[in-house]
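The values are calculated or read from the model by the stated rules, or taken from the named source; none is laboratory data. Predicted model only: the values in this text are computed from it and were never measured. In this analysis, Cβ positions are derived from the backbone assuming ideal geometry, glycine residues included, and neighbour counts consider all displayed protein chains.
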Amino acid sequence: MITDLKRVIKAGFKNFTRGGLVSFASVLISTITLSTITSIIILQAVLYSSLNIIKDKVDVTIYLNVGVQEGQAMLLKASLEKLPEVAEVTYTSAEDALAQFRERHATDYPTIQSLDEIGENPLGSSLNVKAKEISQYESIADFLKSDNVLVSGPASIIDHPNYYNNKPVIERLNSIISGAQKLGFLLTFVLVLISVAITFNTIRLAIFISKEEIGVMRLVGASKMRVRGPFLVEGVIYGVLATIFTLVLFWPITAWFGRNMTDFLGINVYEYYFSNLFEIFVIILLSGILLGVISSFLAIRKYLNK
Amino acid sequence: MIYFNNVSKVYKDATALENVTMTITAGEFVSIVGHSGAGKTTLTKLIMAEENPTDGTVFFESIDVHKLNNNNLTKLRRRIGVVFQDFKLLQNKTAYENIAFAMEAVGKSDEEISSDVPHVLELVDLAHRSHHFPIEMSGGEQQRLAIARAIINQPELIIADEPTGNLDPINTHEIVQILKKINGLGTTVILTTHNRGVIDSVGKRVITMENGKIIRDSKHEK
């Protein structure tokens, strides 16, 4: 058994080295497939990072009535934080709001003058709410309309939330983000499918060349496993070599993108590549080996029946 | 040893064999002669179970070869050595490796392989070609290599399907002499050919085929 295994592995290596151009072509095509998979992994990271940046820019501010005590605002903040949809609530006091307003309009003399003439702080405090998902802002807004003692009735502390002003923009953004995610998934699926089909066909052609030899091996009494084994070993070699080539290839590519495109892409692709190198290595190595072995296994099956 | 019982083989639009019944006993040297398309190769393919008969049965000793499962068919093929007109050598293996492969297939150890392969290569006068690939060898050398591969596992039967079809008279004579020598050591040989000269030089039992039928068997004429 061990002797058989040793012979199969040795024959696989010999066939690979003697295969010349055919072996080279198979490794090249496998490398292209694995490069596609690696590109997709990186593109997904870029897409998710961009989407997260956009998502992070969306929030809802609840403006509280002038004169609401900090304690009441804190009670509302605490009850908002208990909602499962809420990621973060930030309180801005009336004084802070005024300071920020003055800072923002420091060069707008008439506005500052009018503010000084009023004499008192016309701004109320506010709560800035960030939801975990963009789609959850609506339910947070619904909560604010509910029968909560703090927010309803004549004693309501809420002046108005700006959700309804921003609603069309938020909804549109939400549909763009989910559309982008779906498109990304579809694109991934189609690209992987095409690459797999091309690799499968290349390996099938490589085995087709050996069709007659497979028949001869069977005629001299070789078992199916003895005939199939070296082809599977070759499949593994294709996968391992293609993985190494892909990892090396993406080093300068990601370095270039990291140096020149970080601002545009939102993440440093080079850093992402190296901080996730082990995971990427495992994913493409397994994909490469599985692709090589399964393609070889399926391609040789039809010649083994006699 | 081999028994054909009323065997017919019909391809889509052509009858390759029609009601063939014959017996070959162990140790015989049988030449099967006939024009191209007479059914000689089909007959040998049926013994190897490369093809299934349309009708009838083929026995190797008491085994119906077409009822064997894959494992047992592999075991049966290990008892038969085959030589083809187009040699059918493994092109990406050297002469040594071609023979070693046949030994590996039957589970011989590395020690047996390294002691037997040089010996058989010497027997067919190819010791000096042991590390050459088939493409680097002449037709006669390739056929001698094919014979060496066929006999390495000491099979009970050698099937030589037109082994001299691609060879010049000198190489043809050599191959016939090697096959006679193998038969002299007790191995049954079935040789198919369309070359009268080959049959004359063998001088053993001759079965003549035409249009898929046996029209003459020298065994029954004696």
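Quick notes on this structure:
- Given (1) more than 12 Å from chain A (Cβ to nearest Cβ); (2) in a loop (DSSP other than H, G, I, E, B); (3) more than 29 Å from A:I2 (Cβ to Cβ); (4) not hydrophobic (A, V, I, L, M, F, W, C), index of the condition B:H131 fails: (3)
- On the stretch given as region A:171-213, residues that are in contact with a helix residue (DSSP H, G or I) (Cβ under 6 Å, 6 or more places away or on another chain) and farther than 30 Å from A:S39 by Cβ total 0.
- Test: residue in region A:54-70 that is farther than 30 Å from A:S178 by Cβ, in a helix (DSSP H, G or I), among the acidic types (D, E) and not assigned by TED's automatic domain parsing to the domain that holds A:L265: yes
- Exactly one residue among A:I54, A:I42, A:I32 is of a type in the set (A, V, I, L, M) and either under 30 Å from A:I209 (Cα atoms) or over 32 Å from the mean Cα position of the chain (by Cα) (or both), and that residue is A:I32.
- Exactly one residue out of A:E95, A:E88 is away from every other protein chain (no Cβ under 14 Å), outside any helix (DSSP H, G or I), acidic (D, E) and loosely packed, with under 13 Cβ neighbours inside 10 Å, and it is A:E88.
- Test: residue in region B:188-209 that is exposed (fewer than 15 other Cβ atoms within 10 Å of the Cβ) and at pLDDT 90 or above: no
- Flag not set for B:T208, criterion: under 23 Å from B:E141 (Cα atoms) and of a type in the set (S, T, N, Q).
- Counting residues in region B:157-166 that are of a type outside the set (S, T, N, Q), within 14 Å of chain A (Cβ to nearest Cβ), touching a residue at least 40 places away in the same chain (Cβ under 8 Å) and farther than 18 Å from B:M209 by Cα gives one or more.
- Residue selected from region B:63-116 under the condition in contact with a strand residue (DSSP E or B) (Cβ under 9 Å, 6 or more places away or on another chain), more than 9 Å from chain A (Cβ to nearest Cβ) and in a helix (DSSP H, G or I), by the criterion surrounded by the fewest Cβ atoms within 10 Å (Cβ to Cβ): B:K67
- Residue match in region A:159-168 (condition: within 14 Å of chain B (Cβ to nearest Cβ), out of contact with any His (no Cβ under 7 Å at 6 or more places or on another chain), assigned to a helix (DSSP H, G or I) and surrounded by 14 or more Cβ atoms within 10 Å (Cβ to Cβ)): no
Yes/no per residue for (1) among the small types (G, A, S); (2) modelled with pLDDT of 90 or more:
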residue	(1), (2)
B:G107	yes, no
B:D116	no, yes
B:S130	yes, yes
B:M137	no, yes
B:A148	yes, yes
B:I158	no, yes
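- Pair list, Cβ < 8 Å and 6+ apart or interchain, from region A:96-114 residues that are more than 20 Å from A:Y63 (Cα to Cα) to residues that are outside any helix (DSSP H, G or I): A:T111/A:H105; A:I112/A:H105; A:I112/A:A106
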